[in-house]
């Protein structure tokens with residue numbers, strides 16, 4: 001063997017022998033070879049998660065957090081006593097004033113819970129009593145890329161495993177024919193050319209690549225190279241993979257690189273997906289009354305509605321972590337029109353997904369999460385009129401909601417000030433949200449760790465506490 005092979009063998013041996021493959025997964029718990037736990041830290045409430053990430057940051061004060069008294073303060077400058085010297089982005093730091101822009105949308109209370117919801121969310125209003133609305137979320141990043149990265153990985157800089165990858169690594173798969181972590185994306189009509197998404201947002205970072213999210217495409221084959229080339233049938237593909245696995249196995253015996261094993265596993269998953277994915281994505285057998293739950297765009301490939309239906313079908317097949325990214329929520333200008341478009345995309349399908357899961361008895365063990373990377377300012381970016389305004393990024397308070405497995409129904413957590421600028425009660429941090437998601441899956445967020453470059457890493461870093469008031 002050459003010196004490089006010897007060095008790699010020594011490094012791999014030291015890394016694996018010091019902690020053992022099981023300890024790399026979940027501290028004191030034993031694990032099978034594929035990463036699936038023999039037992040979780042405590043009894044889980046959720047078997048799976050559907051995370052509906054609204055990329056670009058929805059305006060909380062136009063959707064969930066009404067401030068009717070601001071109508072009397074139209075165009076007044078944001079008081080220094082409210083801003084308290086907090087940083088703002090370069091997009092509005094040069095404005096001479098920060099004029100208050102009251103929401104033009106009407107709010108009403110819904111259900112027995114009396115949850116306040118905007119007129120833009122009539123379908124969500126019908127399921128208000130199933131929701132736990134959090135009005136007091138806050139984050140650390142003020143720009144999109146670090147903010148989304150922070151939500152996904154617990155760190156503002158790229159390179160760490162995403163939340164779905166942590167789930168895959170710690171808990172393993174419940175369906176050997178589909179990935180543990182699936183990602184679906186869609187573009188909003190409110191702002192079609194919004195902030196881009198990057199594959200690293202669902203990447204596995206320094207954890208084995210077999211735990212990375214698998215993105216389903218919106219056109220053509222859901223997964224690249226799912227179809228065999230002309231002249232290649234399934235038995236031939238099987239023979240090719242067997243020969244390739246043998247070659248990779250010989251190489252692994254020489255260099256001991258664990259990524260070779262990960263590559264073999266990925267090839268095998270791709271082969272099984274050739275049979276499982278076409279059946280998964282064929283919705284022709286769905287009854288019309290089910291399709292109607294998701295709204296008129298449910299048959300449009302790549303739409304948010306179609307992805308919500310696909311998310312339910314993935315959940316039925318016990319895919320552990322399903323994440324929908326819907327772009328188009330970044331409304332620095334023309335917010336009223338753009339927000340109507342975004343809500344038209346998402347309101348009906350989101351409520352339909354919740355209702356569909358509930359009717360099938362699946363909401364009891366499926367956790368739903370809805371929200372974006374931060375909130376938006378109460379003051380206007382650019383020109384303010386009575387009918388039109390824009391809002392800048394605001395990380396200090398925003399709204400999200402959770403529903404389903406282990407979550408209290410029909411409650412609202414947190415309170416913000418009269419300007420929807422600061423949190424007055426029950427601040428909830430991103431690490432708290434991620435800790436709670438892990439908890440509902442039966443995992444102690446402080447014990448799900450991976451040793452890398454000499455230290456133990458975890459999704460919540462050295463932070464995070466459970467949102468106990470949200471737990472049923």
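Laboratory data are not the source of any read-out in this text; all were calculated from the coordinates shown. Keep in mind the model is a prediction, meaning the values are calculated, not measured. Positions of Cβ are generated from backbone atoms using ideal geometry, with glycine treated the same way; all protein chains shown enter the neighbour counts.
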Proxy exposure order for 284, 45 (fewest C-beta within 10 Å first) is 284, 45
Just to confirm the number: angle between the C-alpha axis of helix 234-255 and the first principal axis of the chain, 0 to 90 degrees, nearest 10? 80
Expressed as a whole number of Å, what is the distance separating the alpha-carbon centroids of region 193-245 and region 97-112? 44
The chain - percent relative contact order, Cα under 8 Å, separation 6 or more: 29
The chain: mean projected area of Cα convex hull, nm²: 24.1
For region 219-375, rounded, prolate or oblate, judged on the Cα gyration tensor with a ≥ b ≥ c (square roots of eigenvalues), a/c < 1.5 rounded, else prolate if a/b > b/c? prolate
State the extension gain, in nm to one decimal, for the chain segment bounded by residue 248 and residue 461, taking 0.36 nm per residue of separation less the distance between their alpha-carbons. 73.2 nm
FRET efficiency estimate (nearest 0.05) - Cβ-Cβ, residue 424 to residue 206, R0 45 angstrom: 0.70
Fraction of alpha-carbon pairs in region 31-126 farther than 21 Å apart, rounded to whole percent, equals 60
Convex hull of region 298-344 built on C-alpha atoms - directionally averaged projected area, nm²: 3.9
Hey, rough spin-label estimate for residue 453 and residue 364, points 7 angstrom out along Cα→Cβ, what's it come to in nanometres? 4.6
Any idea what the alpha-carbon Rg over 2.2 N^0.38 Å comes to for region 106-157? 1.54
Give the angle, between 0 and 90 degrees and rounded to the nearest 10, that separates the Cα long axis of helix 304-316 from the longest principal axis of the Cα atoms of the chain. 50
Kirkwood Rh and Cα Rg combined as Rg over Rh, evaluated for region 308-426: 1.02
For the chain, longest principal axis from Cα atoms; helix 144-153 axis from its Cα atoms; angle between them, nearest 10 degrees, is 50
So if we plug the beta-carbon distance of residue 265 and residue 95 into 1/(1 + (r/R0)^6) with R0 = 60 Å, what FRET efficiency do we get, rounded to 0.05? 0.70
Can you tell me the Rg and the Dmax, both Å, for the Cα atoms in region 95-224? 19.1, 59
Taking every eigenvalue of the Cα gyration tensor of region 143-218, multiplying by 5 and rooting it, what semi-axes result, largest first, whole Å? 23, 17, 8
Please list the radius of gyration and Dmax for region 412-472, considering alpha-carbon atoms only, with Å as the unit. 14.4, 47
Show me the ranking of peptides 405-417, 249-261 by mean Cβ neighbours inside 10 Å, starting with the highest. 405-417, 249-261
Please report the projected area of region 169-286's Cα convex hull averaged over all directions, in nm². 10.5
Ranked 321, 452, criterion: other C-beta atoms within 10 Å, fewest first: 452, 321
For region 216-266, what is Rg from Cα atoms divided by 2.2 N^0.38 Å, rounded to two decimals? 1.43
Using 0.36 nm per residue of separation minus the Cα-Cα distance, give me the extension gain between residue 292 and residue 126 in nm, one decimal. 58.3 nm
Can you sort 145, 345, 230 by how many other beta carbons sit within 10 Å, fewest first? 230, 145, 345
